[in-house]
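The values are calculated or read from the model by the stated rules, or taken from the named source; none is laboratory data. What you see is a predicted model; the values in this text were computed from it and never measured. All Cβ positions, glycine included, derive from the backbone under ideal geometry; neighbour counts span all protein chains shown. Just so you know, the surface numbers come from the protein's heavy atoms only, side chains and all, with ligands and any DNA or RNA stripped out. Shrake-Rupley method; radii C 1.70, N 1.55, O 1.52, S 1.80 Å.
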Amino acid sequence: ADPKLAIVYDAGGKFDKSFNQSASEGAARFKKDTNISFLEAQASSDTQAEQVLRGLARKNMDLIASIGFAQTQAVQKVAKEFPKVRFVLIDGVAQGANVNSITFKEEEGSYLVGVAGVMASKSKKLGFIGGIDIPLIRTFACGYAQGAKATDKKAEVFQNMVGTTSAAWNDPAKGGELARSQFERGVDVVFAVAGGSGMGTLQTAKEKGKLSIGVDSNQNSLYPGSVLTSMVKRIDNAVYDSFMQMKNGTWKAGVLAKGLKEGGVDWALDEHNRKLITPEIEKKVLGVRKDIIDGKVKVIDYRTGNSCPV
Amino acid sequence: MTFEDLHIGSILVSTVRNAPVLIFAAMAGLFAERSGVIDIGLEGKILASAFVSAAVAFATQNPWYGVAAGVAVSVALATLQGYVSITQKGNQLVAGIAINIAMSGLTFVVAQFFFQQGGRTPDLGQARLFDVVLPGSAAIVDVPFVGWLYTKLIGGHSVLVYLAFALVPLVHWVLYHTRFGLRLRACGENPHAADAAGVSVEWTRYKAMLIAGVLCSFSGAYLAIVQSGFFLRDMSAGAGYLALTAMVFGNWRPLYTFFGCLMFGFFGAVQIQIEGVDLPVVGRIPGSLIQMVPYVVTVIVLAGLMAKSVAPKAIGVPFVKSR
Amino acid sequence: MHPAVEFRGISKQFGAVKANTDVSFSIAKGAIHGLVGENGAGKSTLMSILYGYYRADGGEILLDGQARNIHSSHEAIHLGIGMVHQHFMLVENMTVLDNVMLGAEGGFKLANKRAAVEAQLREICTRYRLDVDPLATIHDLSVGAQQRVEILKQIYRSANILILDEPTAVLTAQETESLFDILRLFKEQGKTIILITHKLQEILDITDTVTVMRGGRVVGAVETAQTSKEALANMMVGRPIENNLPRGAYNPGAPVLEVRDLQLTDDQGVVLLDKLNFTLRAGEIVAIAGVSGNGQSELMEILSGMRLPTSGQVDFQGKALPYAGRSDADGLPLEFRHLGIGHVPEDRLRDGVIKNFSVMHNTFFGYQDRVKNGWGLIDFKGVAERCAGLLKAFDVRPANPDLRIGLLSGGNQQKVVIAREVLASPKLMLVGQPTRGVDIGTIESIHTQLLALRDAGVAILLVSVELEEVRALADRILVMCGGSITGELKIDEFDTTRIGLLMGGMHKS
Amino acid sequence: MNTNDMPRWATAFVLPLLNLLSALLVAALVIHLLGEDPLDSLRILINSAIVNPEGLSYTLFYASTFIFTGLSVSIAMQAGLFNIGSEGQMYIGGLGLTIAMLALDASLPWWLLIPCGIVGAALFGALWGFLPGYLQAKRGSHIVVTTIMFNFIAASLMNFFIVKYMIPAGEQNTASRVFSAAAEMPRLNTWFPVLGDTPLNVSFLLAIVALAIYGLVVTRSAWGYKLRATGLNKHAAHYAGIRISKMIIVVMLISGALAGLGSVNSIMGSTHYLSLNFVGGAGFVGIAIALMGRQHPVGIFLSAVLFGALIQGGFDLSLEKPNIPTETFIFIQGLIILFCGAMENFYAPAIMKLIKAKG
Ligand SMILES: Nc1ncnc2c1ncn2[C@@H]1O[C@H](COP(=O)(O)OP(=O)(O)OP(=O)(O)O)[C@@H](O)[C@H]1O
Ligand SMILES: Nc1ncnc2c1ncn2[C@@H]1O[C@H](COP(=O)(O)OP(=O)(O)OP(=O)(O)O)[C@@H](O)[C@H]1O
Ligand SMILES: [Mg+2]
Ligand SMILES: [Mg+2]
C-alpha cells in the first residue's frame, strides 16, 4: 500500500517564499511523480506543533515531515510516544530511534555566494541583512563573510538585522530601508536572509541598480539582472527524498547534515543571472565549490562554537 | 572623523524616508483624538489600506488607482469606527482594537484568496510610485554637500513623502485657524460646550474620523506601493502604535507630533548605522540590544521631560447629552 | 402682542422620573421672568427643552405666537435663544475669543475674523461694563469672569431670549449686582430673560413675574410685586420655611485648632496665604467670608490635608498636624480624618463623591478603612444598615442606597456628603460652600444639621460666599482678602457693609 | 441608549447572545465567500473546541493563559490605567520562570520547584509592570506609551538573553534547554483521563482561583474600593486620603505579576522550555478579554474561553477545510470583539421596544 505521509509547516506557513515553501514544493513534486498524496498542516505555536504531530501520529501516519527547528522539542516528545510513526525533522536535531534529523550546512552555501559577491562588488563592501539575530542567521552571515574575506582581504561586510519579534520576517519596508542604508555606506552587493523582509531588500537593490543575493529557494528570477545569485537550501530535495525513501522502504533514522557535497545547499546559476556571473566569477566559485567538497577548504560553522572567525 | 564617516547624511535621508508612514498615521490620529475619539485602530487602517492599495495597483497596474482604493477602504473603516464610537457610543478602545485584529486576519485571508501567495500580493513592478527626480538634479549632483542636499535629502523621494511633510503645516492651520478646527478641538475638550454653542458634536467627530481615514490610508499606501512594492501580511509591524506614541509624545499638537515621528525615524536610522560598529567605550553592541535604542530613548525622554501630557479632556468618552 | 415664549402642556420623562408634567405658562416680551423650585423640580429640564437640548415627550413651545419644533441647540440659537447653563459651557483651554466664536465663526477661515471679533468684544465689554480680556484663557479666569464670558457669548450672538440657569450660585454679592445691572440693560433693549435661582431675594430684586415649580409641575405663577419670600418658599416646598433656626447658647470650649503663621506660596512664587493666625474652639462655628479666590479654598485644602503649607504651624487639639518632612500630601487627608477632622469639600462632584458609585458606596468614602474586617473585606451588611439609617436621618431623596449618586440632585448629594462627615463624629469639621446650588428646603435641613453639630461641641470652620448663610450659622466671622485675614467680627456685630469693605481689603482692623 | 432600564436577563444574556450571533453571521458570510459551507464549519468548530473533551481541554488550556493576561489588563483598568504592556510583562515573566528552572530544576523536588517557577514568573512580570507604573506615578509619563515601549524593549531583551545565554550549544532552536520532569506542572488528565493527552494543567485551576480572588478583592475589599475610586476620580481619591502614586505603582506591580503568571501555563504547563516569541500575542488578547469581559471575573472567564475555543476550533477547522486559513479566525476574533465589546448595545433599542410592546 502507499505510505501515509504528512508534512507540518511552522509559523511561517507554506507560502513563506522561504524554507516552508521550499518544503512544500518538494512534497508537491513527490506527489506529481508518484501520485501519492499527503496531508498538510501548519503549527503556529510550540504547543500547537505538539498537538498537530500527536493528532497526525494517532492517524497512524507512516512518515511525518516537520519543517523548521521550532518543532524540535515537539518531534522529540511525540516521537517517543509513537515509536511506530517515523519523523523527519528539517533544520533541527531531535533524538529518537524513529527520527531522521536533517540539517544543512548553510555556511558552505553562504561561503560560495560570499565569493561570488565580493568578486562582483566594485567597492568590496558587502551587505548582509538578517531577520532576527539568532544562531541560524549568524551561520549564514559567518559563512558569507568567510567566503568574501578569503577571496579578497579588503572585503568589508556590513550586517544588519531587521528586528527582534516575529514581525521581523514580514517587514519589507525595513528590509528595504536597511539595504538603502547599506548602499549609502558604499555596499553594492547585499545578501538577504530575512524571509518576507528580504523581498524589500531585493526590490531596493533592483531599484538602486545594486546587486542582491537571494536565499533558500532560487530567487534569481525575481529581479533578473539584479539578483546576482541565490544561496539555495534544497529543503525540497530533503522532503522529496524522505518521502521517496519511505515509498521505497529505504528510509533510515539518524542525523544528516547536508552540505555542498550532499546537495543540501548550493549557489544558483541560471538564465536569469547568466549575464551577471562573469566567466571569471564562475570559474572561481566552481573551484572553491570543489575545494569545499574535497575538504580542502574548511568552512567554519558558527553554531559549533557560537563564534565567527572573521 | 569626517562627515562621511558619521554617515549623518545617510541617517538624515533615512529619517526622511522612514517618517512618512508615521506622519500620515499620527496626523490621522491627531484629528480623531482632538475631536474626542481615541484612535487605537490606526494599525488596522494602515494594514487594510496597504493591502487594498497594493492589490488594486497590481490589478490595474496604476498606482494612483491603488492609492484611491486605499483611501476608500480606510475611510470605510474609519466610518465604521466612527459609527461604533460616535453613534453607538461604544467603547472606543475596543472598537479600535477590534479593527486592528480583524484587519490583521482579513487582509491575509483576502490576499490568500485572490493571489494564493501566503497573504502576499504579487510584486507591483511598474505599478509602484516612483521617486521624484527634482529638475536639475543631474547638473548639481556632484557638487559637494549641496548636491547631496538637493538630490538626496530634498529630492529623490516619492510624492507621498512631500505630501507627508506638507501635511504638517496644513494640519496646524486647519486645527488652529479654521472654523472646523475650532469646533473639532472644542468637541475634544468639552463636547457639552460645543453642543451648547450649536455645534453638532457627532457630525464634527464624524468629519474628523473621515479625515483620519483619508490620512491613514496614505500611510498604508506609502508602506505598500512606495516603500515595499507589494503587500505582506502584518506589514504595518506596529507603525500604528508608534504613530500613536509620537502623538502622545507631541502632546496632541501637530508640530510636536511631527517631531515625535522624526525622532522615531531618526533613531531607527541611527540604529541601522551603529549595528555591528565598534563604538567608543561600549564596544560592539549586539544587534538585538541596538533594536531597542529608539524605545529606550523615548522612555527616557518622556520621563526626563516630565512631559505631563495633556490629552484632550473628553477623549474616549462618548458624547451623551446629560448632566 | 404675543408672549415671547409660551409653554403648552410640556411633559418629559427620564426613565421612571417625570421631570416635567403638563407644564404650561408664558413669558411676556421684554420681561425678566423668575423660575423657582426645589432641587429636581424640573426647571433645568424645561429650559433644556426650550434650548433644543432635550426633546419633550409631549406639548409644544410657541415663540412669538408661532409653534416651533426645536430639535437642537443649533436651531434654538438660530431662533435667537441663548442659554447660560448651570455648569459653564466653556472650553477651558481656549481663549475667551475662541469660546465666543465657537459655533458662530462666520466663515471657514478664522484668521481674518479673529481680529474683527476681538474688537467687537472689547466694544461690548466697554458698553456693558464687563471686565473680560478676550485673549485670556478660560482656565485662568475666576468663576465670576467665566460667568461674564457666558454673558458675553450671548450678547455677541445677540440672543433675544436669554435663559440663565442659576447664574448667581457661584457669584459674590457684588458680582451678582453687576450681573443684574447687565440684565436690566438687556431688558431695556427689549430682550426677554428667564432667570432660575434658589435665592428668593434675587427674584424679588429683579424679576417682573415668577413661576414656581414643584415635582415637575407648575404650582404657581405670580407677579413679583404681589408676592413675598415667605409666600414663594411656601409654594416651593409645600410648607413654611423657618428663617431663624434654633441654636444653643454660645459657649466655646477648649481650642481645637490653632493656626500660626500659616503661609502658602505656589510654584510661581505667588503668595496665596499670608501668615494666617486664628484659633477655633470647640462648640463654635467660625465662618470665613470673602470673595472666592482669596485663599479660602487653599486654607481648607491645607487644613484637610489635601495640600501642604509652605511654612507655619497648625495645632490640632494641642498637637502639631504632621505636615513636616513630606514631599507631597499623598495620603495625608486620611491621617487627618483619623485624627478627627471631617471635611465637606467645596466642589462635591469633583472631590466629595465618586459619581459612578452607588449612594451606599459613597456613605463611607474616605472612611473605607473603618468598615473593613480583619481580612480587609468591607462589611457590607453593616454598611447597608448604616446607610439606611443615614438616608432616613438626613432625609435623602430618593432613599435608594443602590442608585448611582451622580443621578441624585445636587442638594441630595450634598446631604449624603454632610451625613457621612457628621456620622464620623469629628472634633473639627471643615465645611466649604455647603449649600451651593441647593434649594431652600434643603438649606434649612443642612443648616439644622450643622448647628446641631456645633451644639454637640464640635468646632466648625465654615467657608461661604453667602453672607445670608454666614449670618445664619456663624458665631464669629473672619474676613479674608488676598490671602490674609482682613478682619474679625462677632455675630452680633454683623454688618453687611463692613464685611463688604473687609472683603475688598479696604481696612485692616 | 440607556440600558439601566432593561431587565437583567436582557442585558446579561440576550444582548451578548445577539451580538455573538451577529459576529458569527458576518463570519459565515466570509466563509461562504471562501467557498465553504458555514454551517458545516460551525459544526466542526463547536465540535472540536467544546463538545469533544480533548478539544475542550485544549480550549481551556489556551483560556488559562488568557485569563491571566485578561486579569492583568483588567486590574490596571480598574485603576484607570490602560496597560498595553501585558505582552511584554508575560514575556519577561517567562524569563523569571526560566531562570528559576534552569538554576533549580536539578536540585529541587517538584513541590518546591513549581512554586519557585511561579514566584519567578510573578516577580519578573511585576518588575516589568513596575517600571511603567513608577514612571507614570512619579514622572508623569503616559502609561500607554511607556507600556508600548516596554513591549518592544522586552522583545529585544529576550532575544538577547535567549540567543546569548540560553540556547544550548549546538542547538538550532532559539529556545532554552528543556527543564527536568520535576518542573512540569501536573496535568489534569492524570486525574481526568477523559481529557486526553492535552497540556491542560493545574494552571487552569490557578487561573480560576486568581479570578475568584480578583473578584473578591475588587468588589468586596477596602483596597479594591480604593482602587476603583482612583480609577474613577483622582481628585476625589486624593480627598479620601488614597495615596494615588502608591496605588498606581502597586496596581502595576500586580498587573505585571498577573501577566507574568500567564507564562506559567505556556511554559511549565506545556512546552517546558522558553522559546523566542512564546507569548504570541496573548497579552494583546488580554486587552480584548478585559474589555469584552468588562473587567468582571465572570466576563473575563467567558471571553477567555471564547478566545481559547476560537484558537482550538479554528485550528482544527483549517486542518479539515484547506480553503479556510487559520487567519480567518483572527478576523472572527476581531468581529466578536467589535460586536460584543464595542457595539454591545446595538440591539438594545429593538429589545426595549419588544419588551414595552409586550409589557
Ligand atoms: N438626563 C437625565 N436622566 C435621568 N434623569 C434626569 C436627567 N435629567 C434630569 N433628570 C431628573 O429629572 C428631574 C428634574 O431635574 P432638573 O435638573 O430639571 O431639576 P432642577 O429643577 O433643575 O433642579 P436643580 O435645582 O437641582 O437644578 C430630577 O429628578 C432629575 O434627577
Ligand atoms: N446635516 C447635518 N447633520 C448634522 N449636523 C449638521 C449638519 N449640517 C450641519 N451640521 C452642523 O451644524 C453646525 C452649523 O453648521 P453651519 O455650517 O450651517 O453653521 P452656521 O450656523 O450656518 O454658522 P456659519 O454661517 O457661521 O458657518 C455645524 O457644526 C455642523 O456640524
Ligand atoms: Mg437645575
Ligand atoms: Mg451657515
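Residues considered: B:Trp173, B:Trp64, B:Trp252. Largest GNM mean-square fluctuation over chain B, using C-alpha springs under 10 Å, is found at B:Trp173.
The H on the amide N of C:Val256, modeled in the peptide plane, is under 5 Å from the matching H of C:Leu280, C:Arg281, C:Ala282, each at least 5 residues off or on a different chain. Ignoring solvent entirely, what values of log10 I(q)/I(0) come out of the Debye formula for the stretch B:1-77 at 0.15, 0.22, 0.25 Å⁻¹ when each Cα is a single scatterer? After summing over all Cα pairs, the log10 values are -0.66, -0.96, -1.08. Of the chymotrypsin sites (Phe, Trp or Tyr not before Pro) found in the stretch B:117-152, the ones in coil according to DSSP and having at most 10 other Cβ atoms within 10 Å of their Cβ are B:Phe145.
Which lysines does C:Lys490 reach when only Cα atoms under 26 Å apart count, and residues fewer than 8 places away in its own chain are ignored? In chain and number order, the partners are C:Lys199, C:Lys275, C:Lys427, C:Lys508.
Expressed as a whole percent, the proportion of Cα-Cα pairs in the stretch A:199-267 lying more than 13 Å apart is 68%. Where Rh is the Kirkwood radius over the Cα pairs of the stretch C:219-360, the temperature 20 °C and the viscosity 1.002 mPa s, what D in µm²/s does Stokes-Einstein return? Translational D for this selection: 115 µm²/s.
Of the two radii for the stretch C:350-509, the radius of gyration is 1.04 times the Kirkwood radius, both from the alpha carbons; that is the Rg over Rh value. One way to sum up the overall shape of chain B is the equivalent ellipsoid from its Cα gyration tensor, whose semi-axes run 33, 25, 20 Å, largest first. Accessible area per residue for the stretch C:353-424, computed on protein heavy atoms with a 1.4 Å probe, is 41 Å². Both radii are taken from the alpha-carbon atoms of the stretch B:124-242; with Rh as the Kirkwood radius, Rg/Rh is 1.13.
With N the number of residues in the stretch D:219-324, Rg(Cα) / (2.2 N^0.38 Å) evaluates to 1.42.
Charge dipole (Cα centre; +1 on Lys/Arg Cβ, -1 on Asp/Glu Cβ; no other charges) of the stretch D:63-315 amounts to roughly 1000 debye. The mean of 1/r over all pairs of different alpha-carbon atoms in the stretch D:63-315, once inverted, gives a Kirkwood hydrodynamic radius of 18.2 Å. In the stretch C:115-179, inverting the average of 1/r over every pair of distinct C-alpha atoms gives 12.4 Å as the Kirkwood radius. Here is the tail figure for the stretch D:15-119: Cα pairs spaced more than 25 Å apart come to 51 percent of all pairs. When its C-alpha radius of gyration is set against 2.2 N^0.38 Å (N residues), the protein assembly as shown gives a value of 1.04. Based on the convex hull around the alpha carbon atoms, the stretch D:120-197 presents an average projected area of 8.4 nm². Taking θ as phi - 60° and the Karplus parameters 6.51, -1.76 and 1.60, the scalar couplings of the stretch C:221-231 work out to 9, 9, 6, 4, 4, 9, 10, 9, 3, 4, 5 Hz in sequence order, x denoting glycine and proline. The convex hull around the C-alpha trace of the stretch D:68-202, projected and averaged over every direction, spans 10.2 square nanometres.
The distance separating the Cα centre of the stretch B:1-72 from that of the stretch D:66-132 comes to 36 Å. Other residues with beta-carbon under 12 Å from the beta-carbon of C:Met429 carry, at +1 per Lys or Arg and -1 per Asp or Glu, a net charge of +2. Estimated translational diffusion coefficient (Stokes-Einstein, Kirkwood radius over Cα pairs, 25 °C, 0.890 mPa s) of the stretch B:70-195: 128 µm² per second.
Close amide H pairs (under 5 Å, H built 1.01 Å from N) link A:Ser66 with A:Val8, A:Val88, A:Leu89, A:Ile90, residues at least 5 positions away or on another chain. For the stretch C:1-140, the calculated P(r), taken from all Cα-Cα distances in 10 Å bins from zero up to the bin holding the longest distance, is 10, 32, 30, 23, 6, 0 percent. What the Cα convex hull of the stretch C:353-424 gives, in volume per residue, is 75 Å³. By the Kirkwood approach, averaging reciprocal distances over each pair of separate Cα atoms, the stretch C:5-237 gets a hydrodynamic radius of 18.3 Å. Evaluated at q = 0.19, 0.31 Å⁻¹, the base-10 log of the normalised Debye intensity for the stretch C:317-370, with identical point scatterers placed on the Cα atoms, takes the values -0.80, -1.31. When you work out D = kT/(6 pi eta Rh) for the stretch B:212-295 at 25 °C and 0.890 mPa s, using the Kirkwood radius from C-alpha pairs as Rh and the Stokes-Einstein form, the result is 168 µm²/s.
Rolling a 1.4 Å probe over the protein heavy atoms gives the stretch D:209-267 an accessible area of 30 Å² per residue. Taking every Cα-Cα distance in chain A and sorting them into 10 Å bins from zero, the calculated P(r) comes out as 7, 28, 33, 22, 9, 1, 0 percent.
Across chain D, C-alpha contacts under 8 Å between residues 6 or more apart give a mean separation that, scaled by the residue count, equals a relative contact order of 35 percent. Highest mobility in the GNM of chain B, judged by mean-square fluctuation with C-alpha springs under 10 Å and restricted to B:Ala98, B:Ala208, B:Ala25, is found for B:Ala98.
Over the C-alpha atoms of the stretch B:1-149, the Rg to Rh ratio, Rh being the Kirkwood estimate, stands at 1.10.
Dimensions of chain C based on its C-alpha atoms, expressed as ranges along the principal axes with the largest first, amount to 70, 50, 48 Å. Within 10 Å of the Cβ of each residue in C:401-414, the mean number of Cβ atoms contributed by other protein chains is 1. Per residue, the Cα convex hull of the stretch C:118-253 amounts to 172 Å³.
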